[in-house]
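The values are calculated or read from the model by the stated rules, or taken from the named source; none is laboratory data. Computed from a prediction, not measured in an experiment: that's the story for all the values here. Cβ placement follows ideal geometry from the backbone for every residue including glycine, while neighbour counts extend to all protein chains displayed. Ligands, DNA and RNA are excluded from the accessible area calculation, which covers all protein heavy atoms including side chains. Shrake-Rupley method; radii C 1.70, N 1.55, O 1.52, S 1.80 Å.
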Amino acid sequence: MMSRTIVITGGAGFIGSHVVRLFVNKYPNYKIINLDKLTYAGNLANLRDVEKAPNYKFAKIDICDFDSVYDLICREHVDGIIHLAAESHVDRSIKDPFTFARTNVLGTLSMLQAAKLYWESLPEKYEGKRFYHISTDEVYGALELTDPEGVEPPFTTRASSGTHHLAYGHDFFYETTKYNPHSPYSASKASSDHFVRAFHDTYGMPTIVTNCSNNYGPYQFPEKLIPLFINNIKHRKPLPVYGKGENVRDWLYVEDHARAIDLIFHNGKVADTYNIGGFNEWKNIDIIKVVIATVDRLLGRKEGEDLNLITFVTDRAGHDMRYAIDSTKLQKELGWEPSLQFEEGIEKTVRWYLDNQQWLDNVTSGDYQQYYEKMYSGR
Ligand code: NAD
Ligand code: DAU
């Protein structure tokens, strides 16, 4: 197998840690460099099982620090970049949009420019190189909830692949859907996507962009819906449901996203875009009830005992109603499919958080940051 040196940015975060783990284990000939600033969302404890692997290396770098990024890329002769580092939480972006513009827009630009300068300095230039940018379905905006012919949603509909599944509307996000971001987070991701495509169109950089739906699974920071609610249910704390809980999200198990990233990094078409999603739409309130039932069952509590923790609170500003990805292109062109049924994935996820209370406690108390702060200070 060919040897490669790949930088994975944001590898200490939720999705990034799954991508790092997959690449380190699957490609012993590759050198995998996890480039991460370790913000509040970065936690090296997510990678304990691979941190001593001979093909793994960690570099504590801010993607906005162009000199350090450029230096690393040159020194390590990097030929592939999988760029996940970002500020990722919509609620934080509403409070602090500047940080999102800095990291997601300027940070992505800094990664692109550093890769461009290094790769253009080589005799072979862009040959064998790849800049793969991980983005979100939120850049497409929001879809309507519709009720065709009086049928109460979710109703069975057909994807362009021909497969049938349950949906809350007729429309889907396609690779061709016009960008229409609403939150500072999605606006910053949309802007970064445009920069990535501009580097292909202007300089010929071999880029790829993918837009994925909501991920769930182990190691997700407990500010996001599913891990926050699992933790709260366990500790019998209120579950703050925004608005009426009617918003719809399309959920994908994180390891299925990581598998798609692997496939697209190696086989995706340069300059192309792929949507990644599970054809798995859920209203927030329904998913919350499933999470409550699963936690209660696994903890041996009475069925439905914790439903009273549901607390309807003021809606998120500009809350997008429905996201729904059509991932037919990825399925048809590269043969990718989600491997887990949602019921299986959510059971696995709840079990993981209940079995890893120490991880959750360290994250919620902030202890993980002090530990690694000491370890990496002065490097
Ligand atoms: P996360 O918040 O869990 O992790 C982000 C990681 O990026 C952290 O390790 C953090 O330390 C690092 N980081 C942040 N700012 C940095 C900087 N300036 N320099 C270097 N590192 C920095 O995020 P996630 O949920 O794993 O999302 C990863 C990527 O996938 C993001 O680009 C996000 O937009 C995208 N995405 C996420 C989802 C989802 O459901 N979580 C869905 C689709 C796309
Ligand atoms: O669609 C992909 C996106 O999914 C990613 O790009 C983002 O990085 C990721 O954070 C996620 O965004 P969401 O805003 O959809 O995820 P979040 O977990 O914050 O919220 C999921 C839904 O649950 C959303 O409709 C808001 C609602 N919610 C969320 C929280 C945290 C609540 O009702 N209460 C809550 O406390």
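Of note:
- Bridge orientation summary for the chain: considering DSSP beta bridges with both residues in this region, about 20 percent are antiparallel.
- When the chain is described by a simple charge dipole with +1 on each Lys and Arg Cβ and -1 on each Asp and Glu Cβ, the residue from Trp282, Ala59, Tyr168 located farthest towards its positive end is Ala59.
- Percent carbon-and-sulfur accessible area, the chain, ignoring ligands, DNA and RNA, probe 1.4 Å: 52 percent
- For Phe173, distant residues with modelled amide H under 5 Å away: Ala324, Ile325, Asp326
- For the set Ser135, Ser160, Ser88, solvent exposure ranked by accessible area (probe 1.4 Å, protein chains only) runs largest to smallest as Ser160, Ser88, Ser135.
- Between Pro227, Pro153, Pro181, the GNM of the chain built on Cα springs shorter than 10 angstrom shows Pro153 fluctuating the most.
- Whole-angstrom gap from the stretch 1-54 to the stretch 151-181, using each part's C-alpha centre: 34 Å
- Long-range HN-HN contacts of Val241 with modeled amide H, under 5 Å: Thr311, Phe312, Val313
- For Glu333, neighbours were defined as the other residues whose beta-carbon sits under 14 Å from its Cβ, and their charges (Lys and Arg +1, Asp and Glu -1) total -1.
- Counting charges near Tyr323 (Lys, Arg +1; Asp, Glu -1) among other residues having Cβ under 10 Å from its Cβ returns a value of -3.
- With a Förster radius of 45 Å applied to the beta-carbon distance between Asp49 and Thr146, the computed FRET efficiency rounds to 0.50.
- Solvent-accessible area per residue in the chain equals 43 Å², computed with a 1.4 angstrom probe and all protein chains kept.
- Proximal lysines to Lys26, defined as alpha-carbon separation beneath 23 angstrom and excluding residues fewer than eight positions away on the same chain: Lys52, Lys57, Lys129, Lys269, Lys348
- Entry note, the stretch 4-377: relative contact order of 18 percent, from Cα contacts under 8 Å with a spacing of 6+ residues.
- Karplus 3J(HN,Hα) series, Hz, for the stretch 84-99 with 6.51 cos²θ - 1.76 cosθ + 1.60 (x for Gly, Pro): 10, 4, 5, 7, 10, 9, 3, 4, 5, 5, 6, 7, 9, x, 4, 4
- Along the axis of the charge dipole computed for the stretch 4-377 (Cβ charges of +1 for Lys and Arg, -1 for Asp and Glu, origin at the Cα centre), the listed residues Gln357, Asn308, Phe98 are led at the positive end by Gln357.
- For the stretch 4-377, diffusion coefficient by Stokes-Einstein and Kirkwood Rh (Cα), 10 °C, 1.306 mPa s, µm²/s: 75 µm²/s
- Sites matching trypsin sites (Lys or Arg not before Pro) across the stretch 6-87 that sit in DSSP coil, with at most 14 neighbouring C-beta atoms within 10 Å: Arg48, Lys52
- Its DSSP H runs of at least 4 residues, each contributing -39,500 (n - 2.57), put the calculated 222 nm mean residue ellipticity of the chain at -11500 deg cm²/dmol, to the nearest 500.
- Across the alpha-carbon atoms of the stretch 105-252, the computed radius of gyration and Dmax are 19.7, 63 angstrom.
- Around Glu76: net Lys/Arg minus Asp/Glu count, Cβ-Cβ under 13 Å: +2
- Degrees, to the nearest 10: 254-267 long Cα axis against longest axis of the chain: 30 degrees
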